[in-house]
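In what follows, a structure is listed as structure tokens, so that the remarks can point back to it.
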Amino acid sequence: MAPTNSAPTPNGLTRVATTVLPTKYGEFKLWAYQEKGKCGAGGEPEGPTHLALFKGKLKGAQRVPVRLHSECVTGDALGSLRCDCGAQLEKAMKYIQKKGTGVLIHLDQEGRGIGLANKMKAYALQDKGLDTVEANLRLGFLEDKRDYTAAACILHDLGVKSVLLITNNPLKISGVQKCGIKVEGHLPLLTKPNGTNKKYLRTKKEKMGHWLK
């Protein structure tokens, strides 16, 4: 296994830990990365923390299945039906486990980059009839302010040469391509709509250009 510390990448991302994570879907290697930020109690810079869960031999590998998954506490941990995030996370992890090779990068970008508290404010606006795009704009944010520079740096650190992105979102493809990652295609990640998230999914398709049925 690689050493727990490595040289910071150009955007200030540093690999801070390597370990193994047994999950209900299978066992994954886990590397933790941290961005530069304000100093915490220990005097060390504490910025956003991103995780890479992966299987297989990745150094020099091509057409590696990769899922870029932005943190969603409500969907991933609390089982929210307002979105499809939890279902997508589960499906992606099952797919990588079955293939035996792949990467899931868990990005600290809650609420399409606006943070957990602001996402709750957006939910309150959605309760009044706004869709997800309208709510973010009403709060003064872009409809999607996520950045995939950290994800690209992680893929470079893992030694991946080219990827097949597991996504329905064309912005993720262009986001990592501009950071030097070769994308050779994408794998759809479709989930079954429920009675609560149909408007959410329709908004992603019609206003954000996601590849959804």
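Yes/no per residue for (1) surrounded by 13 or more Cβ atoms within 10 Å (Cβ to Cβ); (2) modelled with pLDDT of 95 or more; (3) within 26 Å of Ala61 (Cα to Cα); (4) not aliphatic (A, V, I, L, M):
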residue	(1), (2), (3), (4)
Ile154	yes, yes, yes, no
Ser174	no, no, yes, yes
Glu184	no, yes, yes, yes
Leu189	yes, yes, yes, no
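Which is hydrophobic (A, V, I, L, M, F, W, C) and either under 24 Å from Trp31 (Cα atoms) or under 19 Å from the mean Cα position of the chain (by Cα) (or both), of Leu116, Leu125?
Exactly one of Leu116, Leu125 is hydrophobic (A, V, I, L, M, F, W, C) and either under 24 Å from Trp31 (Cα atoms) or under 19 Å from the mean Cα position of the chain (by Cα) (or both), namely Leu116.
If you take the residues of region 48-63 that are more than 16 Å from the chain's Cα centre (by Cα) and crowded, with 16+ Cβ neighbours inside 10 Å, which of them is nearest to Gly111 (Cα to Cα)?
Here the answer is Lys55.
I'd like the residue in region 127-152 that is among the polar types (S, T, N, Q) and either under 25 Å from Ala32 (Cβ atoms) or touching a residue at least 40 places away in the same chain (Cβ under 8 Å) (or both) and, out of all such residues, is surrounded by the fewest Cβ atoms within 10 Å (Cβ to Cβ). Even if it seems obvious, please write down each step before you answer.
In the first step, residues of region 127-152 are kept if they are among the polar types (S, T, N, Q); the result is 132, 136, 149.
Within this subset, residues satisfying the condition of being either under 25 Å from Ala32 (Cβ atoms) or touching a residue at least 40 places away in the same chain (Cβ under 8 Å) (or both) are 132, 149.
Values: Thr132: 25, Thr149: 17.
By that ranking, first place goes to Thr149.
For Arg67, all conditions in the list (1) crowded, with 17+ Cβ neighbours inside 10 Å; (2) modelled with pLDDT of 95 or more; (3) assigned to a loop (DSSP other than H, G, I, E, B) hold save one; what is the number of the exception?
Exception for Arg67: condition (3).
Every residue in region 99-125 that is in contact with a Ser or Thr (Cβ under 9 Å, 6 or more places away or on another chain), assigned to a helix (DSSP H, G or I) and either closer than 26 Å to Leu13 by Cβ or of a type in the set (Asp, Glu) (or both), please. Walk me through how you get there before you give the answer.
Residues of region 99-125 that are in contact with a Ser or Thr (Cβ under 9 Å, 6 or more places away or on another chain), as a first pass: 106-113, 116, 119-120, 122-123.
Next, only the ones that are assigned to a helix (DSSP H, G or I) stay: 110-113, 116, 119-120, 122-123.
Of everything in region 99-125, those that are in contact with a Ser or Thr (Cβ under 9 Å, 6 or more places away or on another chain), assigned to a helix (DSSP H, G or I) and either closer than 26 Å to Leu13 by Cβ or of a type in the set (Asp, Glu) (or both) turn out to be Glu110, Gly111, Arg112, Gly113, Leu116, Lys119.
Of all the helices (runs of 4 or more DSSP H) wholly in region 126-213, which have at least 2 residues that are farther than 21 Å from Asp108 by Cα and touching a helix residue (DSSP H, G or I) at 6+ places or on another chain (Cβ under 8 Å)?
Numbers: elements: 132-138, 149-158, 170-177, 198-208.
Once the helices (runs of 4 or more DSSP H) in region 126-213 are filtered for at least 2 residues that are farther than 21 Å from Asp108 by Cα and touching a helix residue (DSSP H, G or I) at 6+ places or on another chain (Cβ under 8 Å), what remains is 132-138, 198-208.
Six or more apart or on different chains, Cβ atoms under 6 Å: show the pairs whose first residue is in region 2-26 and over 18 Å from Lys57 (Cβ atoms) and whose second is charged (D, E, K, R) and modelled with pLDDT of 70 or more.
Sorted first by the residue in region 2-26, then by its partner, the pairs are Ser6/Arg15; Gly12/Glu35; Gly12/Lys36; Leu13/Glu35; Tyr25/Lys94.
Hey, any hits in region 118-134 for a residue that's charged (D, E, K, R) and in the same structural domain as Thr191 (by TED's automatic domain parsing)?
The answer is no; no qualifying residue exists.
The values are calculated or read from the model by the stated rules, or taken from the named source; none is laboratory data. Note that this is a predicted model, so its numbers are computed, not measured. Cβ sites come from the backbone with ideal geometry, for glycine too, and all protein chains shown count toward neighbours.
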